[in-house]
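One structure is given here, and the rest of the page talks about it.
The values are calculated or read from the model by the stated rules, or taken from the named source; none is laboratory data. Note that this is a predicted model, so its numbers are computed, not measured. Here the Cβ positions follow ideal geometry from the backbone for every residue, glycine too, while neighbour counts run over all protein chains shown. Side chains included, ligands, DNA and RNA excluded: accessible areas come from the protein's heavy atoms. Shrake-Rupley method; radii C 1.70, N 1.55, O 1.52, S 1.80 Å.
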Amino acid sequence: MAVNAAGARLEEQWRDILSVHARTMCEIDRALHPHGLGASDFEVLDVLASEAPEEGDLCRVQNLVGRVHLSQSALSRLIGRLEKDGLVERSVCVEDRRGVWVSLTRKGRDLHADVLPLQRGVLARMLD
């Protein structure tokens, strides 16, 4: 019986975590939608802003894979959309042609700075 009760508590905790995550992602999507971004778009911009803080700084796409919770192919498509919107630029690594660099454009940095308080406000509200 104790094992079943412990298992049930773990399952309940897990479902609570998933529920908070889903609700928070929906709220971030709602807050950022008027700015043309979704929660995953923001995550990529936010990681790039922290990994490559200065204009012109580069970040390997491979470094993003572990920081955003998307498959490599989904991340690649998302970066392609952000590039099409003029928010990021991609370039091939000259040392390793398989590697791809990505950086925020000035437009991407400005948009990130504009929406950062919105995303942080949602986090504060949802995780308080």
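Go through His69, Phe42, Ala52 and say which Cα lies farthest out towards the positive end of the charge dipole of segment 1-82; charges sit on Cβ, +1 for Lys and Arg, -1 for Asp and Glu. The listed residue farthest towards the positive side: His69. For Asp128 and Arg30 in the same chain, what is the full-extension length gain: residue separation times 0.36 nm, less their Cα-Cα distance, in nm? Extra length from Asp128 to Arg30 when fully extended: 33.4 nm. Of Val68, Val92, the order by accessible heavy-atom surface (1.4 Å probe, DNA, RNA and ligands excluded), from most exposed downward, is Val92, Val68. Extension gain for the segment Glu95 to Arg15, taken as residue separation times 0.36 nm less the Cα-Cα distance, is 24.3 nm to one decimal. Scanning the chain for GluC sites (Glu not before Pro) lying in DSSP loops with no more than 16 further Cβ atoms inside 10 Å, the longest uninterrupted stretch between such sites is 1-53. Looking at segment 45-128, which trypsin sites (Lys or Arg not before Pro) are in a loop (DSSP not H, G, I, E or B) and have at most 14 other Cβ atoms within 10 Å? In loop regions of segment 45-128 (DSSP not H, G, I, E or B), the sparsely surrounded trypsin sites (Lys or Arg not before Pro) are Arg97, Arg98. The modelled label-to-label distance for the pair Asp114/Arg77, using points 7 Å beyond Cα in the direction of Cβ, is 2.6 nm.
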